[in-house]
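The values are calculated or read from the model by the stated rules, or taken from the named source; none is laboratory data. All figures in this text were calculated on a predicted structure; none of them were measured in a lab. Every residue, glycine as well, gets a Cβ built from its backbone with ideal geometry; the counts of neighbours run over all protein chains shown.
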């Protein structure tokens with residue numbers, strides 16, 4: 001049988017050949033035993049049916065789109081019994097959490113219910129009841145009732161009974177009254193996390209050390225002294241193996257848990273007012289300009305009336321307190337900050353601030369400098385916030401009335417990027433009452449909650465592309481999915497490591513740290529601050545930092561870090577004096593002390609590896625090959641570990657390559673790294689215990705990077721010491737006596753001697769794929785480009801107001817779809833520029849076409865300056881539903897930026913030859929403007945078009 005669509009399709013084609021179709025139409029009428037009117041009714045009915053189908057399909061697709069855009073969290077919360085139960089908790093915190101935090105609580109209840117074999121709502125209701133009982137107990141004595149919710153004990157919050165080991169035990173005890181919950185073994189382990197961590201570490205280390213020593217010395221008849229030498233020599237390599245596998249086990253056993261946070265996406269409250277600061281040393285207007293630009297970007301990515309931004313400045317060290325150029329620099333800085341405040345005016349007070357300290361004489365350093373470097377800037381700024389007038393901040397610009405309201409500080413380096421919305425999320429995490437810091441009885445250290453939060457650090461694309469070292473040695477970019485990353489200290493011990501970029505509580509910092517650390521002794525203060533304030537890792541928030549572009553920059557930064565770590569040795573002792581010289585107990589946790597020791601251990605590893613290779617050739621018991629195997633196997637631990645991790649998470653070749661490059665460079669530069677580390681350690685111990693001078697010698701990473709750009713002379717730091725170690729190693733190999741070992745030692749010495757060549761290669765930018773196209777390939781691509789341009793040339797015309805249609809359908813012949821989007825408009829603009837690049841059009845036509853399109857865009861309806869996602873190209877009306885797409889808006893802005901640079905290029909290129917000088921490329925913040933005044937030669941192509949434009953614009957200005 002013939003279907004309706006088949007008949008309609010056939011009849012439509014018969015009408016195209018009307019003279020030859022009579023016999024076919026008669027056959028159709030005989031087929032259906034009807035007249036020609038019946039065929040018309042069949043066609044009409046089929047068209048009505050297709051229209052109905054189209055409407056139905058459109059409604060179905062619209063419903064799917066509405067479901068996709070719908071608030072599923074809100075729908076779930078309205079029908080979820082579990083969510084309804086948690087909303088009854090007395091503090092009201094659950095209602096104010098962001099969606100991720102609420103999901104974390106619900107997921108935790110699901111895990112507990114599965115492990116205890118109890119109903120989920122029963123666990124939630126008992127948690128709410130226990131928190132209510134604790135709150136009633138605390139509020140029973142109203143005189144002792146905390147002034148703020150953040151001062152409430154943690155057991156007054158539901159999260160305590162879901163995440164904390166002690167709270168889980170209380171929850172299980174409560175559940176036994178109405179059931180038989182299954183024993184939860186993980187609670188006991190987590191409650192004794194510190195003891196369990198070190199017990200497992202010792203349990204792994206002892207047998208591993210014995211096994212390695214037995215492998216080295218078995219069958220060689222070693223004396224007791226020989227066994228002791230072997231055990232001591234293997235201590236550091238075995239510790240690296242044990243710690244690596246111990247931490248790998250933690251990653252497998254513990255799931256990374258993001259911290260709970262308030263939802264501050266709609267604004268930060270006044271009681272959580274925050275200052276984002278960049279402590280920096282600067283000496284030129286260019287450096288201050290870069291800092292101000294960075295501050296502006298931070299603001300644009302995290303706009304909020306209660307988030308303020310400041311530069312905490314120090315001048316460079318000098319032999320005098322004031323230099324002649326200081327006043328000029330201060331005036332320039334003031335003008336720059338005031339310009340920012342005028343540009344981004346805020347009725348509630350100025351958003352941008354600048355605080356500059358005066359130099360002070362430091363007899364230990366022998367120069368005038370900012371007191372205590374970066375730590376001093378933060379300490380004095382906090383004292384300034386608390387009302388002190390005795391700081392060295394002599395110059396301040398900005399509204400100082402906001403300072404008493406500042407509760408949190410986000411401190412960043414000069415090269416750190418603060419991604420969009422990350423400041424609000426950091427503030428929401430620290431301001432949550434459950435996370436707020438609670439001090440011990442002596443009020444010397446945070447023991448519950450957190451006083452400082454450290455986001456994880458990523459690598460910027462810009463720095464990663466500066467050299468092969470940064471490209472292969474890092475994985476750049478912001479993680480678009482922002483999942484929680486694993487950290488063994490945070491996951492297992494509930495305490496992370498502060499690395500100097502994060503958010504901290506002003507009041508707690510002022511009470512614990514402003515007077516605690518003695519002057520002129522501490523260089524790397526981040527670890528100490530994290531220990532006293534109890535740091536936590538924000539595993540699901542990422543800041544972006546620069547990676548060293550040259551190996552010598554990496555070495556200088558490492559030298560500074562190692563000096564800072566070894567200057568903390570005195571904090572491993574029971575007592576250390578404070579800022580006023582008073583001897584006080586060192587109230588640091590076992591975790592913090594272990595982190596200090598681990599930093600010292602890791603700084604000794606390269607030295608130990610080189611020493612084992614050299615001594616294994618000469619004096620150590622066992623064969624040289626065995627010692628070589630131990631060292632190189634230990635060096636390859638990161639690669640082995642990466643492969644094990646990827647068996648669970650999936651293969652990622654870039655990460656393996658990055659790790660392998662790190663390992664290869666560690667091996668290749670081992671003598672030079674050993675020399676650098678020996679210098680750093682020896683220099684620190686000498687200054688710490690003998691000279692007592694230059695303990696604050698410090699250069700920022702950004703200054704090191706700038707000083708090394710364009711430096712093509714020094715490839716390696718510690719070259720003299722490194723080559724001296726290589727010569728000693730070669731002599732030891734020659735004197736060894738075994739031919740195989742001698743050749744192995746000499747080949748390794750030659751390999752090390754060639755390290756500068758490898759470093760030179762790594763310091764160069766990564767190679768680009770610049771293979772030229774064959775003539776045939778170039779011709780094919782030009783033909784394709786001409787076809788693409790023909791689409792816009794034919795269809796983006798006056799009928800569509802010089803806007804591109806979304807598509808043109810040839811078969812079936814639906815014709816032009818007279819609708820467009822910001823992405824389509826952006827493609828038109830960039831294609832027009834590309835047409836000029838290919839020579840399909842001239843510059844005058846390029847400008848004219850862009851002017852027509854942009855003039856139309858200016859007439860379109862917008863939302864707060866943003867284009868809607870769909871427009872009718874004929875009526876220019878917004879197509880329903882009216883909405884703004886961030887993706888399309890981003891595509892459109894990217895196209896404008898591209899066209900802007902192309903216009904500057906072509907206007908400068910084509911209008912250089914003129915009777916009078918041309919003016920090009922003046923840029924403004926409001927949009928894209930190109931200003932030019934030209935008088936073309938009579939023979940210049942496109943003269944008529946340009947003169948026509950000049951006649952339309954008497955002041956010779958074109959807005960493009």
Taking the stretch 436-481 and the residues there that are crowded, with 23+ Cβ neighbours inside 10 Å and at pLDDT 95 or above, the one that is farthest from residue 542 (Cα to Cα) would be 446
Pairs returned, first residue in the stretch 411-429 that is at positive phi and not assigned by TED's automatic domain parsing to the domain that holds residue 288, second residue that is crowded, with 20+ Cβ neighbours inside 10 Å and modelled with pLDDT of 95 or more, beta-carbon separation under 7 angstrom, 6 or more apart or interchain, are 421/302
From the option list 725, 731, 748, single residue qualifying as assigned by TED's automatic domain parsing to the domain that holds residue 681 and without any contact (Cβ under 8 Å) to a residue 60 or more places away in the chain is 731
### Query
Of the residues that make up the stretch 513-521, is at least one assigned to a loop (DSSP other than H, G, I, E, B) and on the phi > 0 side of the Ramachandran plot?
yes
Residues of the stretch 64-105 being closer than 14 Å to residue 259 by Cα and without any contact (Cβ under 8 Å) to a residue 60 or more places away in the chain, in sequence order, are 102, 103
Expected single match for modelled with pLDDT under 95 and closer than 27 Å to residue 890 by Cβ among 844, 817, 776 is 817
Q.
Can you confirm whether residue 376 is over 21 Å from the mean Cα position of the chain (by Cα) and at pLDDT below 95?
A. no
* Asked: Of the residues that make up the stretch 862-880, is at least one in a helix (DSSP H, G or I) and under 20 Å from residue 894 (Cβ atoms)?
  -> no
**Prompt:** Can we say residue 361 is part of a strand (DSSP E or B) and surrounded by fewer than 17 Cβ atoms within 10 Å (Cβ to Cβ)?
**Reply:** yes
- Query: Quick check: anything in the stretch 577-584 surrounded by 17 or more Cβ atoms within 10 Å (Cβ to Cβ), within 36 Å of the chain's Cα centre (by Cα) and not in a strand (DSSP E or B)?
  - Reply: no
Among residues of the stretch 803-814 being outside any loop (DSSP other than H, G, I, E, B) and at pLDDT 90 or above, the residue nearest to residue 859 (Cα to Cα) is 807
Scanning the stretch 641-696 residue by residue, those in a loop (DSSP other than H, G, I, E, B) and within 26 Å of the chain's Cα centre (by Cα) turn out to be 650, 651, 652
(request) Might you check whether a residue that is surrounded by 17 or more Cβ atoms within 10 Å (Cβ to Cβ) and touching a helix residue (DSSP H, G or I) at 6+ places or on another chain (Cβ under 9 Å) occurs anywhere in the stretch 786-794? (result) yes
Any chance the stretch 54-74 includes a residue that's modelled with pLDDT of 75 or more and touching a helix residue (DSSP H, G or I) at 6+ places or on another chain (Cβ under 7 Å)? yes
Reported set for the stretch 243-300 where residues are assigned to a helix (DSSP H, G or I) and under 30 Å from residue 92 (Cβ atoms) is 270, 271, 272
Just wondering, is there one or more residues in the stretch 213-233 that are in a helix (DSSP H, G or I), closer than 27 Å to residue 253 by Cβ, in the same structural domain as residue 248 (by TED's automatic domain parsing) and without any contact (Cβ under 8 Å) to a residue 40 or more places away in the chain? no
Residue hits (the stretch 759-779; assigned to a helix (DSSP H, G or I) and over 36 Å from the mean Cα position of the chain (by Cα)) are 775, 776, 777, 778, 779
Check: Going by the conditions given, is residue 803 surrounded by 13 or more Cβ atoms within 10 Å (Cβ to Cβ), out of contact with any helix residue (DSSP H, G or I) (no Cβ under 9 Å at 6 or more places or on another chain) and within 30 Å of residue 59 (Cα to Cα)?
Finding: no
